[in-house]
1. Calculate the mean, over all residues of peptide A:19-31, of how many other protein chain Cβ atoms lie within 10 angstrom of the residue's Cβ.
2. Have a look at A:Asn20, A:Asn82, A:Asn113 and tell me which one the Gaussian network model of chain A (Cα, springs below 10 Å) gives the largest fluctuation.
3. For A:Trp23, tell me the accessible area in Å² from a 1.4 Å probe, rounded to the nearest 10.
4. Could you give the distance between the Cα centres of region A:35-50 and region B:1-55, to the whole Å?
5. From the C-alpha gyration tensor of the protein assembly as shown, pull out the three semi-axes of the equivalent ellipsoid (sqrt of 5λ each), sorted largest to smallest, in whole Å.
6. Each label point is 7 Å from the Cα along the Cα-to-Cβ direction; what then is the distance between the points at A:Ser126 and A:Trp23, in nm?
7. Give me the accessible area buried between chains A and B, both sides summed, with a 1.4 Å probe, in Å² rounded to the nearest 100.
8. Work out the charge dipole of chain A with +1 on the Cβ of Lys and Arg and -1 on the Cβ of Asp and Glu about the Cα centre, then indicate which of A:Phe28, A:Ala136, A:Ala115 is farthest towards its positive end.
Amino acid sequence: MRIETTRFGFLDLDESIFINFPWGIPGFEKIKRFVLLEQGEGPFQWLQAVDEPGVAFVVCPPESLGMKYKVPRDKGEVIGLNQPEDMMVLIMVSFNRERMNIRPHLRGPLLFNVASRVGYQWSIDSRELQRYVSEARHVDNA
Amino acid sequence: MLVLTRKVGESIRIGDDIEIVVTAIDQNKVKIGIQSPRHVPVYREELYQKIQEGNREAASMRADDLDEMVEVLSKKGRERSGNEDLP
């Protein structure tokens, strides 16, 4: 399927790689299909909306920024996760040019069921963040 | 908006699979229990709004923002590994 993106032009992609977001993402609730696009070097990928050319997020594994999530079972069950190996966690990252500030969006990690290609954003109350996020020992700057 | 009056222990049903129970009432606080299918995300409104804002900010990243961010990160990485070499 040919999809249009504002950042990368037209892309021919196989629909089998699309990821279904049944509830969209807060702020973008109507967008239900995304695709992960590789991005040169580094741990980053783009999570691009399939049906909305302008919507794309920079995402990366939390471990690559030195973070690790402990995902409670009920949060995974939302997308039918019952095998730990089917789970993938990615976090959004934004960058403020003026302040040269890199912001990982720790309170809203994206959880994926890689077997069924379904995802959603788990929202964590800031008071509960410490319970679920910890510093990973291994920091990969690749 | 539909407004209903409920007492402690009474509940409201939305559709056939969501139940909202008033579990306790304080002077200016209401405790609410929500019984809903696992696949229905439930949020506190203010948290939902914060996440929305964060997501909109994240969606404003341009391709060259990412390039610059990668550069900043690798510079930081180099500084860090440089420091580790100090005695």
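1. Working: counts 0, 0, 0, 3, 3, 1, 5, 12, 11, 4, 1, 0, 0.
That works out to 3 on average.
2. With Cα springs under 10 Å in chain A, the top fluctuation among A:Asn20, A:Asn82, A:Asn113 is at A:Asn82.
3. A:Trp23 has an accessible surface of roughly 70 Å² with all protein chains in place.
4. Spelled out, the Cα-based centre of one part sits 36 Å from the other.
5. The equivalent ellipsoid of the protein assembly as shown has semi-axes of 35, 23, 17 Å.
6. Here the answer is 2.1 nm between the modelled labels.
7. 3100 Å²
8. A:Ala136
The values are calculated or read from the model by the stated rules, or taken from the named source; none is laboratory data. Bear in mind that the values here come from a model prediction, so they are computed numbers and not experimental data. We place every Cβ from the backbone using ideal geometry, glycine too, and count neighbours over all the protein chains shown. Accessible surface is based on the protein model in full, side chains and every heavy atom, while ligands, DNA and RNA are left aside. Shrake-Rupley method; radii C 1.70, N 1.55, O 1.52, S 1.80 Å.
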